[in-house]
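Take a look at the structure below.
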Amino acid sequence: MRPVLGHARYLVMIAVIGALVAAVCLLLYGFLEGGKLVWYLLEKGEISRKGAKEMALEFIEIIDLFLMGTVFYIVSVGLYSLFIDAGVPTPDWLKIRTLDDLKNKLVAVVIVVLAVVFLGQAVTWDGVRDLMGLGVGIAAVIAALTWFLSVKSSKTDK
């Protein structure tokens, strides 16, 4: 049974490849959308006040795609380094030695994604929608995730 379980770890390659494909798709899509937006702006040649707000929202949405692509990339690299090869060359900030390391990195990126989502809503706020409810909800999630990270950090420091 031991050899079977030892080799079964390679099943994680399904998740590694899936997350990597998702990362590539999101990053390429974001790049293409950014290129289309820049092309449109160059063709139009002018930006009104309302157009500037819409342009800012478009770019925020593109950044959100890049952030989500980064999340999937981190998952791919993290799972690969945890289950297949711990010697994957990565920058120091991306070193993942435990499943908790991977969770902490993901939580940190999710916090940024939530902030970007709220920023996108704030930029396009029409004065009618309940932006306060959304902001409080996102703030509560960010506070809980930050608390989670700090508790995890204080436990590993001891």
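The values are calculated or read from the model by the stated rules, or taken from the named source; none is laboratory data. The structure displayed is predicted, hence computed values, not measured ones. Reconstructed Cβ throughout: ideal geometry from the backbone, glycine too, with neighbour counts over all protein chains shown.
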Quick count over the stretch 71-120, residues being under 27 Å from Ala8 (Cα atoms) and in a helix (DSSP H, G or I), is 22
Only one of (1) surrounded by 15 or more Cβ atoms within 10 Å (Cβ to Cβ); (2) in contact with a Ser or Thr (Cβ under 7 Å, 6 or more places away or on another chain) does not apply to Val88, and that is (1)
How many residues does the stretch 91-104 contain that are surrounded by fewer than 16 Cβ atoms within 10 Å (Cβ to Cβ) and either touching a residue at least 60 places away in the same chain (Cβ under 8 Å) or charged (D, E, K, R) (or both)? 5
Could you grab me the full set of residues in the stretch 123-141 that are farther than 18 Å from Val107 by Cα, touching a residue at least 12 places away in the same chain (Cβ under 8 Å) and part of a helix (DSSP H, G or I)? Val123, Leu134, Gly135
Contact list please: Cβ distance under 9 Å, first residue in the stretch 105-116 and without any contact (Cβ under 8 Å) to a residue 40 or more places away in the chain, second residue crowded, with 16+ Cβ neighbours inside 10 Å and not in a helix (DSSP H, G or I), pairs at least six apart or on different chains. Lys105/Ile96
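Every residue, every condition in (1) over 14 Å from the mean Cα position of the chain (by Cα); (2) modelled with pLDDT of 85 or more; (3) among the β-branched types (Val, Ile, Thr), yes or no:
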site	(1), (2), (3)
Glu46	yes, no, no
Leu57	yes, no, no
Leu67	no, yes, no
Val71	no, yes, yes
Pro91	yes, yes, no
Lys95	yes, yes, no
Leu102	no, yes, no
Gly127	yes, no, no
Considering the stretch 1-37 alone, what residues qualify as being closer than 17 Å to Ile60 by Cβ and surrounded by 12 or more Cβ atoms within 10 Å (Cβ to Cβ)? Leu26, Leu27, Tyr29, Gly30, Phe31, Leu32, Glu33, Gly34, Lys36, Leu37
